[in-house]
Each structure stands twice: as C-alpha cells, then as structure tokens.
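Below is one structure, written out as structure tokens, with a few remarks after it.
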Amino acid sequence: MDVESRDRWVKMLRIVAEASTAAIPPGVAPWFQAHRGIITPPSKIPTSPDDQLWAAIAQSNPIPESLSGPSHKSQNNHAAPLFAFTSDDTIEVWTERDLSGMHAASRLIANQPDRRWHARIQSALDWHLEHTQPDNATGHPWAIHVFLLRSMTQDDHHARLYAETLLHNCQMQSGAADGLSAEILRDAADALESNSIENQ
C-alpha cells in the first residue's frame, strides 16, 4: 500500500472536516455520534441494521448475531449490498443505510477481525461501484475510507473516483461539509490512519 498516498488522503479528509463550522442536528445518527463520543449512547434500542452496528461499536459489543447470518446475495452469488432492499425503502434512504453499515462494519472488524464480514464489505463495495451513483444517492461520505483503501491497495481507479465524488458531494450544498459529514470524515481519517481493514 502507498503510505504516502494514504497520508495525503488522511490530511485532506481532516482539512475538509475542520473547515466545517456546522453542528450535527439533534437526533441525527445518534449511535454514530455515541461512537464518536459526542453524545452518550441512546437508551432506545436501535432498529435499523446500520444503527445496530454503530451501537455495537459504541457499547463495545460483538457484531450482533441478528446481522451475522448469511450475506444477502444476488443471483449466481455475485456481489451484493450489505443489506437487502425492502419495499418500504426509498433508494436514497436504503443507499445511505447500506453505506453507513459498510462504514460501521469496517470499524467493528478493526477490533474484532472477521474474514466473513470483511468479505461482505468487499462484496458490497463491488456492488455499489457497479450500481450506485454517489452523486444522486447520498450527501454524506459514509464508507469513503473503504473505497479509498480499495483504490490504494488494488490500484482501483473506479473506487478512487467514487471516494472523490463522495467528498465533493458533501460540500456541495453550502461550500463546506455539513456537521454530520465532517464527523464522518474525521472517523474515516482515523480508520485510514490506523489502516484498520486492509489486512482483515
């Protein structure tokens, strides 16, 4: 892996994050905020699968058994997203949840190495590179470090462009990252700095 390239990205993510003066709105991504030490863990049990992963991190718990079953697979065992799409979902909400779940899962396996979850993250990454347009799905740079690590370890230019688009999009609305995006970028920089998922 190109350590110099990684360090440049870490610096860039932190610069963009620190340029933001926005706060995270109340009630937004509470379990992610708890993981970051911004708020205390909520008393309400998380229901969405990505929040369950963030809650496991915030509470130093193992990966929830309810999420540790067989990965959702498309036909012929091809790449598949982390979570299944349901009839109650909109594409924007589901995409945000899946990318948030990828981000959380990558952070979980940094402390709890799990090859099966690493494979699931990589399968979801492949699926999103093929099927998801980052410029119309989410304004938050969830899992940006996962795409960056792929780009640096496998010289995957598509993954690098995806990460660049995520970074660009989170600054589009006001010229700087919103509060949640800034904290996501700090967390992604921490993950890159520790190189937490490259060798899982």
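The values are calculated or read from the model by the stated rules, or taken from the named source; none is laboratory data. Computed from a predicted structure; not experimentally measured. Using ideal geometry, Cβ is built from the backbone for each residue, glycine included, and neighbour counts are taken over all protein chains shown. Remember, those area values only see protein heavy atoms, side chains included, never the ligands or the DNA or RNA. Shrake-Rupley method; radii C 1.70, N 1.55, O 1.52, S 1.80 Å.
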Exercise for review: Select from the range 85-116 the residues that are part of a helix (DSSP H, G or I) and among the charged types (D, E, K, R) and write down the one among them that is least open to solvent (accessible area, probe 1.4 Å).
Suggested key: D98
Practice item. Name the one entry in S43, S48, S60, S66 that is in contact (Cβ under 8 Å) with a residue 40 or more places away in the chain and of a type in the set (S, T, N, Q). Key: S48
Exercise for review: Output the number of the condition that A119 fails; it satisfies all remaining conditions of (1) surrounded by 21 or more Cβ atoms within 10 Å (Cβ to Cβ); (2) under 20 Å from A84 (Cβ atoms); (3) of a type in the set (A, V, I, L, M).
Suggested key: (1)
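For residues in the range 1-29 being in a loop (DSSP other than H, G, I, E, B) and free of Cβ contacts under 8 Å to residues at least 40 places away in the same chain, which is most open to solvent (accessible area, probe 1.4 Å)?
Once the filter is applied, the top-ranked residue is P26.
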Exercise for review: Output the residues belonging to the range 30-65 that are out of contact with any Pro (no Cβ under 7 Å at 6 or more places or on another chain), open to solvent by 40 Å² or more (accessible area, probe 1.4 Å) and part of a loop (DSSP other than H, G, I, E, B).
Suggested key: R36, G37, I38, T40, P41, S43, K44, I45, T47, S60, N61, P62
**Study point:** Selection count where residues are touching a Ser or Thr at 6+ places or on another chain (Cβ under 7 Å) and part of a helix (DSSP H, G or I), scope the range 117-139
**Key:** 6
Practice item. Scan the range 129-148 for residues that are surrounded by 23 or more Cβ atoms within 10 Å (Cβ to Cβ) and over 12 Å from the mean Cα position of the chain (by Cα) and jot them down. Key: P134
